Amino acid sequence: MTIRTVQADGADVAIEEGGVLAVLFPPQGGRVAFVGVRARNVDGCGLQLIGALRDPLSKRVMLDGRTVNLRKEADGWGTTGRGAETDIGSSDQIGDYSNIPLCPNQWAEQNVFDLPFELEVQIKDRRGKMATRKLNVTPRCAEPGEKETACRCLCRKGYVLGETCGEDAGVDSGS
């Protein structure tokens, strides 16, 4: 099993140890990471997919689990989403990925951007066959301009729900 993630441009890419995890604005609001898999030797129909991000300081976890169907590839692997055709604005596409809710950040003891976190993905098929993979990743606010500014505000340590995110959002105030 390899872990896949959706980037700001909608591309579905593999993420490796030490890689960057895109923090994106989803249709439901807040900020999430879209995480999927490429797997083989599992039943891809009705596969349980759980994605979790763990703060290494507090050990708190944010997760999302869902049932997905893997798309069968010619090489025998199954994948979430539609590979390079993934459209993060399309709810039918992003529903094929774990939508890990990261921000507003009221859970981590550090900013949920530009710092290391642990990503864990688990799959379980309907016959009970399981696979788990863990990686150290660095979440990064991936959308440019005002969306990045808002992301850095919503995802910073100490964000207060309802707080206005202005032009100086994301600037470290020394706390």
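A short reminder: the numbers here are calculations on the coordinates, not readings from a lab. Computed from a prediction, not measured in an experiment: that's the story for all the values here. Neighbour counts run over all protein chains shown; Cβ positions are idealised from the backbone, glycine included.
The figures follow:
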{"quantity": "Residue among Lys134, Lys147, Lys157, Lys129 that alone is in contact with an Asp or Glu (Cβ under 6 Å, 6 or more places away or on another chain) and of a type in the set (Lys, Arg)", "calculated": "Lys134"}
{"quantity": "Test result for Val13, within 30 Å of Gly145 (Cα to Cα) and free of Cβ contacts under 8 Å to residues at least 12 places away in the same chain", "calculated": "yes"}
{"quantity": "All positions within the stretch 66-81 that are free of Cβ contacts under 8 Å to residues at least 60 places away in the same chain, of a type outside the set (Lys, Arg) and surrounded by 15 or more Cβ atoms within 10 Å (Cβ to Cβ)", "calculated": "Val68, Leu70, Trp77, Gly78"}
{"quantity": "Filtered residues of the stretch 99-124 (kept if closer than 13 Å to Ile50 by Cβ and of a type in the set (Asp, Glu))", "calculated": "Glu120"}
{"quantity": "Residues located in the stretch 119-168, provided they are among the hydroxyl-bearing types (Ser, Thr, Tyr) and surrounded by fewer than 19 Cβ atoms within 10 Å (Cβ to Cβ)", "calculated": "Thr132, Thr138, Thr164"}
{"quantity": "Per-region count, the stretch 125-159, residues within 15 Å of Arg31 (Cα to Cα) and among the hydrophobic types (A, V, I, L, M, F, W, C)", "calculated": "7"}
{"quantity": "Number of the condition not met by Ala52 [criteria: (1) loosely packed, with under 15 Cβ neighbours inside 10 Å; (2) touching a residue at least 24 places away in the same chain (Cβ under 8 Å); (3) of a type outside the set (Ser, Thr, Tyr)]", "calculated": "(1)"}
{"quantity": "Qualifying positions in the stretch 4-21 - crowded, with 19+ Cβ neighbours inside 10 Å, under 17 Å from Glu120 (Cβ atoms) and not basic (Lys, Arg)", "calculated": "Thr5, Ile15, Leu21"}
